[in-house]
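Asks: This is the structure I want to talk about, given as C-alpha cells.
The values are calculated or read from the model by the stated rules, or taken from the named source; none is laboratory data. All values derive from a computational prediction rather than experimental measurement. Virtual Cβ from ideal backbone geometry, glycine too; neighbours counted across all protein chains shown.
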C-alpha cells in the first residue's frame, strides 16, 4: 500500500512522481553510467553520489516469479503474480506480471512496463508480456 | 574441550550451560515479557544458576514499557532489579546470539550471558479479523514465513482439503516501499529464489516433498511440538496442501507460533560445574549479503549463501560436514533445507533432493535433521525461534532429546536464516570431551 505522500519522499520521491505520471525512471550513475535499483544515496556499483533519475525504456525479462495465493493483506486480490524483472538497462525490480494468466508466466519471458493501479488506486509499474503490451513504452495503461 | 587442536580455535572455551523452551502454541496468554521471563528462569534453573551470577544479557526488549533507546536489552535491568556488565541486542538470536555472547565473554566483558527471546499474547489466533491485523512488528519477525494460523490452517488443509482462501492467515509484511506495495510476504521472497532452482534443476516433486514430510513427522512425535500428534505425513499430503506462494504449499512453510526460548552461555570451566554436561562451541560464523526484504533476492546471488559461514565454522572445529551427527537447520521452507545441504557441500547444486531422498534426514537416515520438528512443526516464535534450534542441539548433545534423540550425537550444526532473507549463520556445538 502506498501513502499519498510518496512523491515527496527523500531519495525515492522522484521515482514515484514518475510512476504517478506513467513514466518509469531509474537511477543512472553520472560517473560509471550504470543503472541501479533500489535508489541509494551513492551508486552501489562505483560509489559516486552523482547520479540522476533517467527514463527507462520499460523493457525487461522475467528473472523469477511466484503466484501468491495468500495475500498479506485483504486489499490485495489473490492470486497475483510477483516477479523479479531484469531490465534491459541492467537494473531489476520486484513487480507484478499483469495481463497474463498465472500459468502462462515463464522465467525468461519478455515483458514491458504496464502501469496498473494498486489496491489503493495509486499507479504501480507492473509488467505485461511483450506480445500483450500495447501503446508506447512507459505509457499509462 | 580438551586437546590442543580444539583449544586453538577462537571460540574455544565457551559452552552452553543451560537451555529452556516454554510451552509453544499457536497463541499463548500473557505477554512477551512474561513468556521471555519464564524461559530465562527455566534456562537458569537448567544451568543450576541464579540471576545473580549473570553479568551479560542479550534479549532485545519486546515491551510493553521501557524506552525506544537502544540497546533495548538494558530495559531488562528493571525487571531483574540488577545491572549487567554487557548487553547485546544481537539480531537474530540463535547462532548469532550465541556467537556474540561468546565473543563478549572471550573479550573479558562479562562471564555469563543470558540469551532469550519469544512472544506471547501477540497472535490474533482464531479471530476472524486475524488476517487484517498485524500480529507482530514486521522487523522483529522477518525470519518467519507465516504468521499465525498455524495449526488450524494446517489441520484444515490436511483433513478437509480446504482451499487456500478460506483459512485465515496473517503473514509477515515486509515494510519497504519497493516490497510492500506489491503485496509481497516473507514466503514469497523465498519462493522467488526457489522458483529459479526448480526451473533449472526440475527436482522430482514427490522426492522434494519427502523433506517436509520427514521433518513434520519428527514434530508429530515430539510432545512439545505445536504439531504434536498430527500426521503421519506422506509426500502426497504435502503436495495436496493449498498453494501459498508458488512453488510453496502450506505444508512447505514454517509455523508462526508463540512461546520463548533461552540459553545460558558461560566459560566451559564454569559449565562443567552445572547439573548437565556442557555443550561447547566448536565453531561458528555469519554471512550478510543484503538487507532482508528491500532488494529482491536473486538465486544467482544467494544460492550459496552460508558457504563462507560454514567454511569458517568447520575450519574452527577441524571437522567436515559429514562429521555432523545431527542437523538443526533453518527450515523456513522446504527449499531452504535442500539448499543448505547443497551449500554444505554434501551434494552438488541441483542434486540435493535426490541426495536427501537417498541419504535420509529422519532418525534412521544418514543426516538426521530438525529432530524436534523444526520451524515446520515444532514452533517458530519470531525473535526466539532461532534459539529453539540451539535448545534442541544442546539436548541432543546431552542425550536428552526424548523421542527425537540421535543415539550418541556429539556434533550438532545449527543454522539460521536463508536465501530469501539474504543472510545466513551457523554454529557447531559439540560434546565436552
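Asks: Residues that are within 19 Å of residue A:70 (Cα to Cα): list the helices (runs of 4 or more DSSP H) wholly contained in the range B:174-262 that include at least 2 such residues. Step through it out loud before you land on a result.
Replies: Numbers: elements: B:186-201, B:205-221, B:235-240.
Hits in the range B:174-262: B:186-201, B:235-240.
Asks: In the range A:19-41, what residues are away from chain B (no Cβ under 14 Å), closer than 20 Å to residue A:92 by Cβ and touching a strand residue (DSSP E or B) at 6+ places or on another chain (Cβ under 8 Å)?
Replies: Residues satisfying the conditions are A:23, A:28, A:29, A:34.
Asks: Of all residues in the range B:364-395, count the ones that are in contact with a helix residue (DSSP H, G or I) (Cβ under 8 Å, 6 or more places away or on another chain) and over 28 Å from residue B:187 (Cβ atoms).
Replies: 2
Asks: So which of B:97, B:108 is out of contact with any strand residue (DSSP E or B) (no Cβ under 6 Å at 6 or more places or on another chain) and either assigned to a helix (DSSP H, G or I) or under 22 Å from residue B:283 (Cβ atoms) (or both)?
Replies: Just one listed residue meets the conditions, B:108.
Asks: Now, a different point. Is one or more of the residues making up the range B:236-244 away from every other protein chain (no Cβ under 14 Å), closer than 25 Å to residue B:382 by Cβ and buried (at least 22 other Cβ atoms within 10 Å of the Cβ)?
Replies: yes
Asks: Still on this model: Taking only the range A:93-118 into account, find how many residues are away from chain B (no Cβ under 12 Å), assigned to a strand (DSSP E or B) and without any contact (Cβ under 8 Å) to a residue 40 or more places away in the chain.
Replies: Residues in the range A:93-118 being away from chain B (no Cβ under 12 Å), assigned to a strand (DSSP E or B) and without any contact (Cβ under 8 Å) to a residue 40 or more places away in the chain: 1 in total.
Yes or no, residue by residue, for (1) within 14 Å of chain A (Cβ to nearest Cβ); (2) surrounded by fewer than 24 Cβ atoms within 10 Å (Cβ to Cβ); (3) within 28 Å of residue B:206 (Cβ to Cβ); (4) at pLDDT below 95:
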site: B:263; (1), (2), (3), (4): no, no, no, no
site: B:279; (1), (2), (3), (4): no, no, no, no
site: B:287; (1), (2), (3), (4): no, yes, no, no
site: B:293; (1), (2), (3), (4): yes, no, no, yes
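Asks: What number of residues within the range B:76-99 are over 22 Å from residue B:13 (Cα atoms), surrounded by fewer than 20 Cβ atoms within 10 Å (Cβ to Cβ) and modelled with pLDDT of 95 or more?
Replies: Summing the residues that are over 22 Å from residue B:13 (Cα atoms), surrounded by fewer than 20 Cβ atoms within 10 Å (Cβ to Cβ) and modelled with pLDDT of 95 or more in the range B:76-99 gives 7.
Asks: Continuing with this model, one more query. Among the residues of the range A:42-74, how many are within 14 Å of chain B (Cβ to nearest Cβ) and not in a loop (DSSP other than H, G, I, E, B)?
Replies: 9
Asks: Given the conditions (1) over 30 Å from residue B:31 (Cβ atoms); (2) away from chain A (no Cβ under 14 Å), report the number of the one that residue B:331 does not fulfil.
Replies: Condition (1) is where residue B:331 drops out.
Asks: Part of a loop (DSSP other than H, G, I, E, B), over 19 Å from residue B:187 (Cα atoms), more than 9 Å from every other protein chain (Cβ to nearest Cβ) and within 14 Å of the chain's Cα centre (by Cα): is that true of residue A:90 in this structure?
Replies: Yes: the conditions hold for residue A:90.
Asks: State whether one or more residues within the range B:337-348 are surrounded by fewer than 24 Cβ atoms within 10 Å (Cβ to Cβ), in a loop (DSSP other than H, G, I, E, B) and without any contact (Cβ under 8 Å) to a residue 24 or more places away in the chain.
Replies: Yes, the range B:337-348 has at least one match.
Asks: Which numbered condition in (1) part of a helix (DSSP H, G or I); (2) away from chain B (no Cβ under 13 Å) is the only one that residue A:7 fails?
Replies: (2)
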